[in-house]
Amino acid sequence: MKKKKILLVLILAGLVALFIGLDLNRFLSLEGIKTHRDALEAFYARNRLITPIAFILVYIIQTALSLPGALLLSLAAGALFGVFQGTLFAVTGATLGATCAFLVSRYLLSGWAQKRVGSKWDTLNVALERDGLNYLLFLRFVPIFPFFLINLVAALTRLPLRTFFLGTFVGILPGAFVYVNAGASLASIESMAGIVSPRVLGSFVLLGGFSLVPILSHKWHWARKTENQSEA
C-alpha cells in the first residue's frame, strides 16, 4: 500500500513538473486566449462533440493537480461555448477535478491525519456529518480560502463524498457564471482585476451568509433547549 502511495505521489509530481517544464501556463493567459480565440472557434465548429469533452478533461486535470489557470479556463468557456453551456462545462470540469483531488488527498493523507489529529477533530467531524453541506457551500460561495486548500482540508475530515460533490457543484456555480459571462465578452476585458466588482463580491458574501442560516438556527434552537432544560 505504501509503495502505491509513493508511486501516485511521483506520478502527480511528474505531471506538475511537466506542466512547469513545458511552460504550458503561457497558453492560460488573457492575451493567449484572445490570440487563439479564432483558432479555437474554428476547431469547435468542426468538432462539436470533441471540443467540450476535451475542455472538461483539461479543466479536470487543472483542478485535480491544483495548477493555475482555473479562472482563465472559465473565461475561455464563455468565449467558446457561450454563457450557459460554458458555465455547465466549467462547473462540471471543476467539480470532477476537485472530487479527484479530494479522493487522492483522502487516500494519501487520511492515515497521517488520523495519527496526527486523531480525536481532536471529533467535534468537527460530527458537525460536518450534520451540517457539512452548509459549511461547504459557505466556503465555496465566499472566496476566502484557496479552492485547492478546501479540497485538501475537506479530505482530511469525515465529510461524505456525495456532500463534497454536491456542495462543490452548487457552491461554485455563481462564481463560474460571473467569469464565464465575462468571457462571452472577451474583447472588452483588459485585465482580470476588472471582472469582479465589489457588488458581485458582496453578492457572494450574502449567498454565503444564507448558507449558514440553517446552522445558526440549529445552534439557537439547541441553546434554547439546553437553557429550558437547565431551568427545569
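Observations
- Test result for R116, at pLDDT 80 or above, loosely packed, with under 14 Cβ neighbours inside 10 Å and charged (D, E, K, R): no
- Hits in the range 139-190 (condition: within 26 Å of I33 (Cα to Cα), outside any helix (DSSP H, G or I), at pLDDT 85 or above and of a type outside the set (A, V, I, L, M, F, W, C)): P146
- Segments classed as helices (runs of 4 or more DSSP H), wholly inside the range 1-109, with at least 2 members that are under 26 Å from A182 (Cβ atoms) and open to solvent by less than 60 Å² (accessible area, probe 1.4 Å): 30-35, 37-46, 50-64, 70-81
The values are calculated or read from the model by the stated rules, or taken from the named source; none is laboratory data. Values in this document were obtained by computation on a predicted structure and should not be read as measured data. Quick reminder, even Gly has a Cβ in these numbers, built from the backbone with ideal geometry, and neighbours come from all protein chains shown. What goes into the accessible areas is simple: the full protein's heavy atoms, side chains included, and nothing from ligands, DNA or RNA. Shrake-Rupley method; radii C 1.70, N 1.55, O 1.52, S 1.80 Å.
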